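Note sheet for the following structure.
The values are calculated or read from the model by the stated rules, or taken from the named source; none is laboratory data. Computed from a predicted structure; not experimentally measured. Please note: Cβ atoms are built from the backbone with ideal geometry, for glycine as well, and neighbour counts cover all protein chains shown. Ligands, DNA and RNA are excluded from the accessible area calculation, which covers all protein heavy atoms including side chains. Shrake-Rupley method; radii C 1.70, N 1.55, O 1.52, S 1.80 Å.
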Amino acid sequence: MSQSTAPQIVRGACPHDCPDTCALLVTVAGGVVTRVAGDPDHPTTRGTLCTKVARYPERLYHPDRLTVPLRRVGAKGEGRFEPISWDEALDAVAARLSAIAARDPQRILPYSYAGTMGFVQGEGMASRFFHRLGASLLERTICSSAGMAGLSHTLGGSVGMDVERFADSRLILIWGSNSITSNLHFWSLAQQARRNGARLIAIDPYRSDTAQKCDAHVALRPGTDAALALGMMNVLIERGLLDDDYIARYTFGFGALRERAATYPSHRVAAICGISEQEVIDLALAYGTTKPAAIRLNYGLARTRGAANAVRAIVSLPALVGAWRDPAGGALLSVSSNFPVDKTLTRADLLPDWPMQPRSVNMSAIGDALLAADPPVEALVVYNSNPVAVAPDSERVIRGFAREDLFTVVLEHFLTDTADYADIVLPATMQPEHFDLHKTYGHLYLVANEPAVSPAGEARPNSAIFRDLAARMGFDDPALRASDEEIAAAAIDWSDPRLGGATLADVRRNGWLRLAIAAAPFAEGGFPTASGRCEFVSERLAAEGLDPLPDYLEPYESAAANPELARRYPLSFISPPARHFLNSTFVNVASLAEREREPECVIHPADAAARGIAEGAMVRAFNDRGSFVARARVGDRIRPGVVLGWGVWWHKLSPRGRNVNAVTGQALTDLGGGPTFYDCLVEVELAGNGAR
């Protein structure tokens with residue numbers, strides 16, 4: 001960190017929930033960040049950033065940035081606060097948490113996710129604090145848990161292709177991903193492959209910016225991905241397009257999978273997915289006859305009831321055709337299991353010596369937890385998340401946060417929807433103001449982040465805040481006094497051969513470090529499963545009394561599963577991320593909000609005409625859970641029977657004070673306990689006067 005007036009370059013890492021985890025070069029002049037750029041030497045960043053992070057100085061120096069602790073003086077949700085000192089704030093929080101913990105610490109709940117993906121400012125110190133406190137455990141499920149469960153039960157963990165190898169693929173299926181928005185650097189590699197003759201096929205209910213630039217687009221019905229994958233298997237088997245040698249040597253359970261796939265003939269799959277039979281056949285033939293073929297699947301397909309089964313089915317495809325033999329073949333959802341994370345980092349040994357662990361609360365059902373948990377949640381500490389905006393079933397979430405008997409502490413950069421309900425708000429630092437170390441889930445590099453400038457006002461790093469709270473509450477374990485550098489050093493097993501003898505100092509010196517992973521890690525099996533094979537049949541699932549094979553599960557909210565609900569709410573609803581936001585981050589950055597203009601609802605012309613909706617009209621999407629208002633965009637990029645609302649605007653920046661999560665529900669996925677944001681039925685009507 002330098003106060004020099006001459007411009008200096010400081011190495012950083014993008015902290016946000018994105019597979020790219022870019023290596024940054026932060027320009028500082030006179031103690032001020034003047035530019036944030038991608039590191040041209042980092043092999044995946046290659047000098048480019050998304051529009052969002054390229055504007056990081058605008059967020060860092062936003063006029064609404066929180067710089068002092070605040071205490072609520074208005075009603076919950078009003079967002080009226082008065083400034084207080086750090087001593088006052090920490091004393092108030094420590095006193096309240098101590099009083100609750102003396103009765104039952106499980107009545108205290110942390111709530112966090114991926115506001116930062118760093119080891120230090122994420123859970124490195126925070127989890128140590130809550131473990132020592134004996135607070136309820138949080139099941140962090142709101143994004144990746146269903147997909148990770150699918151990977152675990154098939155490949156043995158979050159493993160897959162090296163993203164850099166996609167440049168050499170000849171066919172790329174982009175499945176459930178708008179890569180231009182959410183995985184920009186993969187898209188650059190896919191474009192490179194296309195220039196070399198590769199074919200790109202998008203599989204998505206919406207013709208996204210990515211799908212528009214692909215060679216073909218399969219617009220399936222939301223939540224039917226498993227059926228499509230099983231139908232592809234059936235065609236591959238019938239046409240003899242399998243790698244029998246790979247199957248015999250490196251897979252487990254093919255006989256049973258063949259029987260399951262036989263129940264998904266292409267005509268049945270076409271009816272389930274709402275596409276033509278020829279599309280099913282053509283997709284399977286393209287995949288089975290092109291080598292090397294690669295699949296980039298993403299979490300867009302992991303937001304419905306059968307999410308984990310869908311991932312299981314899709315990542316089984318490469319083993320059937322032997323795609324793993326080639327470095328440019330296989331599949332990629334996440335490679336986070338490749339990083340040798342030290343499992344003692346969060347110090348679960350600090351938990352109280354009770355007969356049982358504290359209870360667990362699923363963050364995807366936080367609305368129900370705040371309203372119906374027994375014993376009740378009496379204190380909530382939110383950091384690295386904005387649950388009032390991003391959690392499903394907003395009306396219940398808001399009712400929970402509005403409880404007068406709930407003591408809420410929020411660590412934040414701005415007065416978000418969630419911070420408006422806080423009793424105490426603590427100003428946190430942003431990425432250029434603190435140290436951190438990052439693993440990734442989209443590539444194979446550790447990335448270090450150095451502090452570039454001093455914190456704004458009195459803002460403090462998350463790690464320092466929890467360190468201070470621990471001291472105030474009399475917790476004297478050395479683990480709760482560890483420095484940020486000590487936490488980062490403890491995050492990784494540096495003796496693991498994948499690090500090649502490197503140390504934290506080496507990563508910091510260079511800014512990033514590539515793991516030593518084979519170019520085609522599963523060319524000869526070696527999957528991190530119990531059998532060492534790709535497991536089409538999961539004996540772990542069978543032992544739990546669950547279906548050991550991947551299968552299609554009809555969405556909870558569909559005409560087939562719930563015809564009465566579908567009669568009242570006939571439109572399937574999906575809410576993917578807006579291009580210029582990242583979940584609810586960046587929503588209040590003026591230049592990015594101007595690009596998004598306002599909340600929009602995309603509807604097919606046939607569905608719009610049936611409801612008297614014209615382009616540009618204000619419409620109301622609603623169901624039994626709630627409603628939101630948005631500007632109608634009428635066009636054929638969305639398939640009939642489906643509507644799309646871009647996420648995730650803050651409620652208070654949305655018409656009538658509600659965003660897309662007013663209509664989403666708290667039902668959970670088949671495995672992993674993930675949310676079902678895209679398993680949702682709504683009706684849409686003209687909003688009428690006063691929509692704004």
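Here are some notes:
- Among 255-266, 173-184, the peptide with the highest mean count of other Cβ atoms within 10 Å heads the list, and the full ranking is 173-184, 255-266.
- Cysteines in the chain lacking a second Cys C-beta under 4.7 Å: Cys18, Cys50, Cys143, Cys214, Cys273, Cys534, Cys601, Cys680
- With coordinates expressed along the principal axes, the C-alpha atoms belonging to region 113-212 extend over 57, 28, 27 Å, beginning with the largest.
- Alpha carbon Rg of region 267-326, scaled by the compact-globule rule 2.2 N^0.38 Å: 1.22
- Each Cα pair under 8 Å and six or more residues apart adds its separation to the average, and for region 362-463 the resulting relative contact order is 21 percent.
- Taking the square roots of 5 times each eigenvalue of the Cα gyration tensor of region 160-315, largest first, gives ellipsoid semi-axes of 24, 19, 14 Å.
- The chain: calculated mean residue ellipticity at 222 nm from DSSP helix runs of at least 4, using -39500 (n - 2.57): -8000 deg cm²/dmol
- Projecting label points 7 angstrom from Cα along Cα→Cβ for Ala610 and Ala561 puts them 2.1 nm apart.
- q = 0.13, 0.20 Å⁻¹, region 426-553: log10 I(q)/I(0) [Debye, one scatterer per Cα]: -0.81, -1.12
- Fraction of antiparallel bridges per DSSP, the chain only, in percent to nearest 5: 50
- Counting only protein heavy atoms and a probe of 1.4 Å, the accessible surface of the chain is 50% carbon and sulfur.
- Across the chain, C-alpha contacts under 8 Å between residues 6 or more apart give a mean separation that, scaled by the residue count, equals a relative contact order of 20 percent.
- Largest to smallest principal axis extent of the C-alpha atoms in region 434-483, angstrom: 41, 28, 14
- The lysines within cross-link reach of Lys439, meaning a Cα-to-Cα straight distance under 23 Å and a gap of 8 or more places when in the same chain, are Lys52, Lys343.
- Here's how it looks for Leu49: its modeled amide H is under 5 Å from those of Gly38, which are all 5 or more places away or on a different chain.
- Karplus-derived 3J(HN,Hα), 6.51/-1.76/1.60, for each residue of region 435-446, Hz, glycine and proline x: 8, 6, 10, 10, 8, 9, 10, x, 8, 10, 10, 6
- When you count the other C-beta atoms within 10 angstrom of each residue and take the mean per peptide, 438-451, 61-74 line up highest first as 438-451, 61-74.
- Under 11 Å from the Ser591 label point (7 Å along Cα→beta-carbon), backbone N, region 413-452: none
- Beta bridges per DSSP with both ends in region 353-454, % antiparallel, nearest 5: 25
- Note on Leu653/Thr503: beta-carbon distance plugged into 1/(1 + (r/R0)^6) with R0 of 41 Å gives a FRET efficiency of 0.35.
- In this structure the chain gives 34 Å² per residue of accessible area when probed at 1.4 Å with all protein chains present.
- Straight-line cross-link reach from Lys652 at under 16 Å between alpha-carbon atoms covers these lysines, not counting any fewer than eight positions away in the same chain: Lys76.
- For region 335-428, alpha-carbon Rg over 2.2 N^0.38 Å: 1.26
- Taking the square roots of five times each eigenvalue of the Cα gyration tensor of region 481-567, the equivalent ellipsoid has semi-axes of 43, 23, 14 Å, listed largest first.
- Computed across region 43-138, the Kirkwood hydrodynamic radius from all distinct Cα-Cα pairs reaches 16.9 Å.
- For region 567-677, the Kirkwood estimate of the hydrodynamic radius, built from every pair of different alpha carbons, is 14.6 Å.
- Rounded to the nearest angstrom and listed largest first, the equivalent-ellipsoid semi-axes of region 367-487 from its Cα gyration tensor are 29, 19, 15.
- Working ranking of peptides 472-483, 13-24, 33-44 by packing, defined as the average number of other Cβ atoms within 10 Å per residue, highest first, is 13-24, 33-44, 472-483.
- Taking a straight Cα-Cα cut-off under 17 Å and skipping sequence neighbours fewer than 8 places away in the same chain, the aspartates and glutamates within cross-link reach of Lys213 are Asp204, Asp636.
- Read-out semi-axes √(5λ) of the Cα gyration tensor in Å, derived from the coordinates shown; its label in [x] 43, 34, 26; [y] 38, 31, 25; [z] 47, 32, 27: [y]
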